[in-house]
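The structure appears right after this line, and notes come after that.
Taken together, the values in this text are just the output of simple stated rules run on the coordinates, not laboratory data. If you're wondering where the values come from, they're calculated on a predicted model, not measured in any experiment. As a convention, Cβ positions derive from the backbone with ideal geometry for all residues, glycine included, and neighbour counts pool all protein chains shown.
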Amino acid sequence: MIAASDYYNFDDLLTSEEKALRMKVRECMEKEVAPIMAEYWEKAEFPFDVIPKLGSLRVAGGTIKGYGCPGLSLTGSAIATAEMARVDASCSTFILVHSSLAMLTIALCGSEVQKEKYLPSLAQLNTVACWALTEPDYGSDASSLRTTATKVKGGWILDGQKRWIGNSTFADVLVVFARNTITNQINGYIVKKNAPGLKATKIENKIGLRMVQNGDILLNKVFVPDEDRLPGVNSFQDTSKVLAVSRVMVAWQPIGISMGVYDMCHRYLKERKQFGAPLAAFQINQEKLIRMLANVQAMVLMGWRLCKLYESGKMTAGQASLGKAWITLKARETVALGRELLGGNGILADFLVAKAFCDLEPIYTYEGTYEINSLVAGREVTGVASFKPSASSQRSRL
Ligand SMILES: Cc1cc2nc3c(=O)[nH]c(=O)nc-3n(C[C@H](O)[C@H](O)[C@H](O)COP(=O)(O)OP(=O)(O)OC[C@H]3O[C@@H](n4cnc5c(N)ncnc54)[C@H](O)[C@@H]3O)c2cc1C
């Protein structure tokens with residue numbers, strides 16, 4: 001069960017609970033998901049039969065305490081994310097959207113009644129959630145979103161469009177952000193599946209994370225009762241406490257993907273022979289393998305340090321952004337090297353590496369692109385926001 005990618009004995013930095021969780025997730029992913037993932041990825045379908053198995057891992061809800069949630073350490077939650085991504089990035093994205101975005105928003109910004117009502121079933125994965133911020137015209141600049149929430153008797157009317165929303169084609173619970181037409185501020189709402197006026201259409205032809213069902217959402221005068229407005233979301237800034245945690249979690253996906261690609265390549269180079277020798281015997285292949293291995297060790301240590309900063313209450317938004325940006329950058333290099341090492345088999349989804357290579361691309365872009373996360377860190381270290389080139393004096397809303 002020891003992975004070749006764990007060269008610097010990362011386990012030594014984990015508590016016994018975190019180590020046990022790591023092994024439990026690894027075993028489930030290798031046994032239940034690895035055999036079927038290439039087929040589902042190829043079909044661009046989600047393997048719904050896997051949901052109860054992921055539910056039994058007790059990782060949904062991550063760090064949330066109470067309400068039937070596991071109350072893991074951030075490090076434990078992060079290593080579970082990496083172990084999922086090591087085998088299949090789509091499964092880890094499914095859980096991250098559900099847990100680190102939607103459930104965490106309800107936990108941090110919801111009322112007691114909302115938490116009691118929604119979290120226990122989401123924690124068991126008996127119900128599935130999604131998190132809808134991005135719009136067709138507002139991606140990186142999500143704080144300018146245009147979906148409106150208009151107050152009416154007993155509730156709110158939501159009107160607008162959302163794009164790219166993971167799990168949205170089948171989610172039971174949709175956490176939706178909209179602009180309050182009275183205050184002009186961003187508010188959060190819980191919308192239920194089958195609400196009249198709600199329509200989610202699957203986005204086809206993705207080249208990465210093909211098992212994740214990303215949707216275009218249309219909200220046509222969707223009524224949300226007052227009890228389903230999240231009282232803790234009163235401006236865009238309120239989403240940042242959720243995004244700070246979820247960015248750390250997302251940073252652990254490329255770590256896991258890189259671990260998986262390294263482990264696959266390490267095995268493959270020893271098994272496949274050319275010119276009468278295993279591929280591992282060629283110097284240039286060893287150099288590539290070692291560059292990948294070094295990247296994995298550095299990524300793990302950066303990710304681990306981010307978790308510790310967060311757990312001690314010291315992590316800044318810039319630190320989380322730097323981690324997400326730099327780790328995805330290094331992971332891109334790592335999977336590209338892995339793809340080369342497998343030769344022709346490096347472009348076949350069946351061999352994990354090509355699939356992981358493609359899956360990394362959306363992760364490079366979502367949860368803040370590489371560029372935007374770099375600029376968030378850049379703003380923190382220089383004190384100057386550079387998001388709007390001609391308006392440096394304006395306060396950035398990112
Ligand atoms: C597979 C997938 C899953 C996703 N899941 C979700 C989800 O569940 N929920 C959700 O709400 N969203 C989701 N997203 C949306 C995701 O967060 C956005 O795609 C992301 O924020 C980038 O927005 P955009 O695609 O509109 O790119 P754009 O904002 O159009 O950016 C295009 C390019 O311009 C650059 N750029 C933009 N603005 C600046 C600037 N000011 N300075 C410098 N460079 C800039 C970007 O870095 C990028 O390289 C998902 C996206 C993908 C691909």
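What are the lysines whose alpha-carbon lies under 23 Å from the alpha-carbon of Lys43, with same-chain residues fewer than 8 places away excluded?
Lys31, Lys53, Lys199, Lys202, Lys206, Lys355
Give the calculated FRET efficiency between Glu340 and Thr150 to the nearest 0.05, with a Förster radius of 56 Å applied to their Cβ-Cβ distance.
0.55
When the chain is treated as a GNM, springs tying every alpha-carbon pair under 10 Å, which of Lys193, Lys115, Lys153 comes out with the largest mean-square fluctuation?
Between Lys193, Lys115, Lys153, it is Lys153 that shows the largest mean-square fluctuation.
Report the full-extension gain for the segment Ala294 to Glu333: residue separation times 0.36 nm, less the Cα-Cα distance, to one decimal in nm.
Residue separation times 0.36 nm, minus the Cα-Cα distance, leaves 12.9 nm.
Sticking with the crude label model, points 7 Å out along Cα→Cβ, report the distance from Val381 to Ile207 in nm, one decimal please.
A separation of 3.0 nm, rounded to one decimal place.
Using only the alpha-carbon atoms of the chain as identical scatterers, what base-10 log of I(q)/I(0) does the Debye formula give at q = 0.06, 0.09 Å⁻¹?
Each listed q corresponds, in turn, to -0.23, -0.52.
Cut-off under 22 Å on the C-alpha distance; same-chain residues fewer than 8 positions from Lys314 excluded. Which lysines are left, in chain and number order?
Within the straight-line cut-off, Lys314 pairs with Lys65, Lys241, Lys324.
Once you have all Cα-Cα distances for region 12-77, histogram them in 10 Å bins from zero and send the whole-percent values.
19, 43, 29, 9
Given the C-alpha centroids of region 261-333 and region 66-104, what is the distance between them in whole angstrom?
20 Å
Given the options Gly303, Gly71, Gly383, state which has the largest fluctuation in a GNM of the chain using a 10 Å cut-off (strictly under) for Cα springs.
Gly383
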